[in-house]
Amino acid sequence: MKTQDLDLKTILDIPMFEHLQDALAKATGTAIITVDYKGTPVTKHSCRTEFCSVIRENPVSRKRCTKCDALAGLEAVRLNRPYIYLCHCGIVDVAVPVMVGEKYLGAVMFGQVRLPNGDTDAKVERLVSEISSFQAEEETTRRDLMEKYEKIPEMEYKRIVEIAELIDTEVQYIVHRAVEGRNRALTYEWMLRNAAAAGMAESRLPSMPQEIGNMAEMPEAERSGERIGVPESSPVYPAVRYVESHRGEMVTMRDMANLCHLSPSYFSKIFPREMGETFTDYVNRCKVEWAKQRLRVSAESVSSIAFELGYVDTSYFIKVFKKFEGITPLAYRQQRYKA
């Protein structure tokens, strides 16, 4: 599956995700909605406040809401973490980015809460400088809107951060499993098409979970992918451990240096001494080894395997694979098949 073919509606079961949204909204006391990278809603609102319902009914203010959602999602991607901010109406919202590899698909937005006065932990900036252009023409309407604003629940900043971490974890897990499931389904469809072209009866094919790279069928050593080659006392051990347990991420040397509490320049010097190769070569070598496992035990396409390992550009993945193995991934699979 190519990353350009991905969007939230293709990888998520929207009705089921909306059910999860409802449950999270009720449990956390916040309003939740999921939007695409443009800020356009892809789910219904869960537990939206009366105030925000009125604001979004106005076409001008609704555009501001969409703009805030889009900008907040991009800021969350830039920061690589949930982004807490004040919307154009001065209400606290949070953008939790939805990423697949390096592609940003959208964000789960939650909040519609107010900070209590005197919350010294609050560190929230206004996302846009202008305030909402929504203006009620009649005094009674203005009073009604103010009453709805006063009903917006208050929430301490510390609690908002905790909820952000919870939703971020849930979203990452759900999206990861959804992409895995889609890859398995696409691979099985590929197997069926090739079986039909070869005149093989569908009944002769093994069941989908047993054949399509089922990780549970792999030996423990291969399933974990752990090849930790340094002791825990090594200054680069946290980075090595992280790389081994996050095979789908394209980690950066700067991030791993921070994880090890080292400067990037010192990390780049000490890593080869500890591991025998540069950090970039180590990461790519690990990914090539994991790719070889997938090529041996599954019928997944090379582009799908590259995507699972965090490579957006399949041609670059093939180049990396050939650098370490001397042959392309497809040639490697064919050799293994003949053997």
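Some values worked out for this structure:
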read-out	value
Reach of residue 319 by Cα under 25 Å, taken over lysines that are not fewer than 8 positions away in the same chain	2, 103, 287, 292, 338
Within region 87-114: backbone nitrogen closer than 20 Å to the residue 162 label point (7 Å, Cα to C-beta)	92-96, 110-114
Cα-projected label distance for residue 268 with residue 26, points at 7 Å along beta-carbon direction, nm	5.3
Around residue 263: net Lys/Arg minus Asp/Glu count, Cβ-Cβ under 10 Å	+2
Theoretical gain in end-to-end length, residue 261 to residue 79 [0.36 nm per residue, Cα-Cα removed]	63.6 nm
Pairwise FRET efficiency - residue 252 versus residue 44, Cβ, R0 = 30 Å, nearest 0.05	0.25
In Hz, Karplus ³J(HN,Hα) per residue of region 44-50 (6.51, -1.76, 1.60; θ = phi - 60°; x = Gly, Pro)	6, 6, 10, 6, 5, 6, 4
Fewest-first ranking of 119, 69, using other Cβ atoms within 10 Å as the exposure measure	119, 69
J(HN,Hα) series, region 152-165, from Karplus relation 6.51 cos²θ - 1.76 cosθ + 1.60, nearest Hz, glycine and proline x	4, x, 8, 8, 5, 4, 4, 5, 4, 4, 4, 5, 4, 5
Karplus-derived 3J(HN,Hα), 6.51/-1.76/1.60, for each residue of region 29-35, Hz, glycine and proline x	x, 10, 9, 9, 8, 10, 10
Shape parameters for region 3-173, alpha-carbon atoms, Rg then Dmax in Å	15.7, 51
Per-residue Cβ neighbour rank within 10 angstrom, fewest leading, 54, 283, 94	54, 283, 94
Fewest-first ranking of 304, 46, 263, using other Cβ atoms within 10 Å as the exposure measure	263, 46, 304
Placed amide H near residue 126: partners under 5 Å, 5+ positions off or other chain	86
Region 268-339, relative contact order in percent, only Cα pairs under 8 angstrom and at least six apart counted	24
Long-range amide H partners of residue 34 with built H, under 5 Å	42, 43, 109
Calculated FRET efficiency for the pair residue 289/residue 13, C-beta based, R₀ 45 Å, to 0.05	0.85
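Readers should treat all values here as calculations from the given coordinates under stated rules, not as data from a laboratory. The structure displayed is predicted, hence computed values, not measured ones. Note that we place each Cβ from the backbone using ideal geometry, even for glycine, and neighbour counts take in every protein chain shown.
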